[in-house]
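Visitor: Here's a structure for you.
The values are calculated or read from the model by the stated rules, or taken from the named source; none is laboratory data. The structure presented is a predicted model; accordingly, all values stated were derived computationally and were not measured. Cβ: placed from backbone, ideal geometry, glycine included. Neighbour counts: every protein chain shown.
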Amino acid sequence: MAYSKKVIDHYEHPRNVGSFGTSKEVKESSEIGVGIVGAPECGDVMQLQIKVSDDGRIEDARFKCYGCGSAIASSSLATEWIKGKTLDEALQIKNTEIVEELSLPPVKIHCSVLAEDSIRTAIKDYQSKNAKGSPEKASVN
Amino acid sequence: MALKLPIYMDHSATTPCDPRVVDAMLPFFTEVFGNAASRSHKFGWEAEEAVENARKQAAAIIGADPKEIIWTSGATESNNLAIKGAACMYAKAEPGQRNRGHIITAALEHKAVLDPCKRLEREGFDVTFLEPGPDGIITADMVRQAFRDDTILVTIMWANNEIATINEVPEIGALCHEKGVIFHTDATQWVGKMPTDVKADNIDLLSWSGHKIYGPKGVGALYVRRRNPRVRLQAVQDGGGHERGMRSGTLNVTGIVGFGKACEICLAEMEAERDRLLKLRQKLENELSSRMEMVVINGHRDRRLPHVTNISFGFVEGESLIMGINEIACSSGSACTSASLEPSYVLKALGVNDELAHSSLRLSLGRWTTEEEIDFAVEQITRTVEHLRSMSPLWDLYKEGVDISKIQWQAH
């Protein structure tokens, strides 16, 4: 299969790989949201972590991905795109934009769907962590 | 000598033609171009002589009589002719009826055996698909237990194409002879690499092809036993009655000459080549296993062909692995590299979990594989696996001691 230059670039030089500490530290931090989507038997698992500032912006993001080159590129691209965005803005990102940016072929569309899901799941995780203490915190515009 | 990239480690898929084979073939394109079936002139006689010489070379490598060799277009055709031809010849009921006879084969056979068997199943035959154990080997005992009173044919490959494991072929053959059942083996991965004696190994029908043994593509052979028992086949392809009526069609003289020469070279160099390739494969496996954790060799550790390894790297996905090792030509058991999005059915039959099946590579070495190439492959595979593990959330979980199979994943 031929990959686009952008997919190869993300594969070889993934952006924002890693995590904000151990899984325990990440779980306990109220400023971090985590989204893990996919399953090993399907051949792809994406993990997205977002660090949200007090004013509701995603100030930093980290990803890890077990999957094909297109899955790695989709999640790497997602971290680039969400950094600096508010949660609402990040939720506007559509998988079709990822498909277009990376020139993914039809068989790889599920990789972009997974990336979109990981953004939604991470934001949801952040919001549920912060729902009890200060519910308005997550929706500051 | 500078390494020529990409390096070829997919000899189980096909091999380059040996230049000695090409030299032997060349005159038969332009000078000796006759139809081997032309009996009335020198052009035909010379072509026939070349074909008969190749038949001797092909017979010699499997310990057969030249009269027992039928030329075909490749192992797929040989398998089809052997399986359908024998089933129809020895059927216990006419076409259109049920209970026409029982056939034994295995779940990890090549599609060129499985699909003819499935077709026969639709046409009134019963088929048992044996399941191997975790080591991938089909034993004589498994076949013994599957036997029925109406069993007419057993077809079990000699060595598996994906994991290179070696089945108990001589023992299965002996069992079939004891029961008076015809025994076919798809020996495509075996012949040319390992010593073969169809008489001593109790084989009635044996398929192999030219392009796996440094010969040309598009030519194959089927051994059909003539004595104890004399095996008869119903033709699949009808026509001019070539090959004793079993396979009509003008002979591919050029290809057949190449096939014969390829057999001759393999036979002469087999022992030395086997030892050389085994050493190279051992080096490949040892280096990969010692440099990295969670490296799993699929299939039986010892009972397999010397030049092939099927190896999985835990917590790394296969397609991204292939993408990283782009200077190594090899095969993957990954779902993403196939049209079906299913991991290898052979590895599944072994009970290898999907996650490991996704990350498997089949590296098959050949006549021109060098130690330098092995060193290169080890470096590039190690670098890629480490790069991918540094990105893999599953690798982190493994390192934290989490059992991945116990996690409730959100499959999509």
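Visitor: Given the conditions (1) more than 26 Å from B:Arg389 (Cα to Cα); (2) among the aliphatic types (A, V, I, L, M); (3) surrounded by 15 or more Cβ atoms within 10 Å (Cβ to Cβ), which single one is not true for A:Ile123?
Guide: Every condition holds for A:Ile123 apart from (1).
Visitor: Would a scan of the range A:70-84 turn up a residue that is farther than 19 Å from B:Ser390 by Cα, touching a strand residue (DSSP E or B) at 6+ places or on another chain (Cβ under 7 Å) and in contact (Cβ under 8 Å) with a residue 40 or more places away in the chain?
Guide: yes
Visitor: Report yes if some residue within the range A:54-66 is of a type in the set (Gly, Ala, Ser) and over 14 Å from A:Tyr126 (Cβ atoms); otherwise report no.
Guide: no
Visitor: Can I ask one more? Please state which one of B:Pro170, B:Pro132 is in a loop (DSSP other than H, G, I, E, B) and not β-branched (Val, Ile, Thr). Don't jump to the end; show me each part of the working.
Guide: Numbers: B:Pro170 fails: in a loop (DSSP other than H, G, I, E, B).
Just a single option satisfies the conditions, and that option is B:Pro132.
Here is a yes/no grid of residues against (1) among the aromatic types (Phe, Trp, Tyr); (2) more than 30 Å from B:Leu363 (Cβ to Cβ); (3) within 20 Å of the chain's Cα centre (by Cα); (4) assigned by TED's automatic domain parsing to the domain that holds B:Gly74:
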position: B:Leu205; (1), (2), (3), (4): no, yes, yes, yes
position: B:Val236; (1), (2), (3), (4): no, yes, no, yes
position: B:Ser248; (1), (2), (3), (4): no, yes, no, yes
position: B:Asn252; (1), (2), (3), (4): no, yes, no, yes
position: B:Arg274; (1), (2), (3), (4): no, no, yes, no
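Visitor: Of the residues B:Glu379, B:Glu386, B:Glu373, only one is under 35 Å from the mean Cα position of the chain (by Cα), in contact (Cβ under 8 Å) with a residue 60 or more places away in the chain and more than 14 Å from every other protein chain (Cβ to nearest Cβ); which?
Guide: On the way: B:Glu379 fails: in contact (Cβ under 8 Å) with a residue 60 or more places away in the chain; B:Glu386 fails: more than 14 Å from every other protein chain (Cβ to nearest Cβ).
B:Glu373 is the lone residue from the list that is under 35 Å from the mean Cα position of the chain (by Cα), in contact (Cβ under 8 Å) with a residue 60 or more places away in the chain and more than 14 Å from every other protein chain (Cβ to nearest Cβ).
Visitor: Further question: From the list A:Leu104, A:Leu48, A:Leu114, A:Leu77, which residue is crowded, with 22+ Cβ neighbours inside 10 Å and assigned to a loop (DSSP other than H, G, I, E, B)?
Guide: Values: A:Leu48 fails: assigned to a loop (DSSP other than H, G, I, E, B); A:Leu114 fails: assigned to a loop (DSSP other than H, G, I, E, B); A:Leu77 fails: assigned to a loop (DSSP other than H, G, I, E, B).
The unique qualifying residue is A:Leu104.
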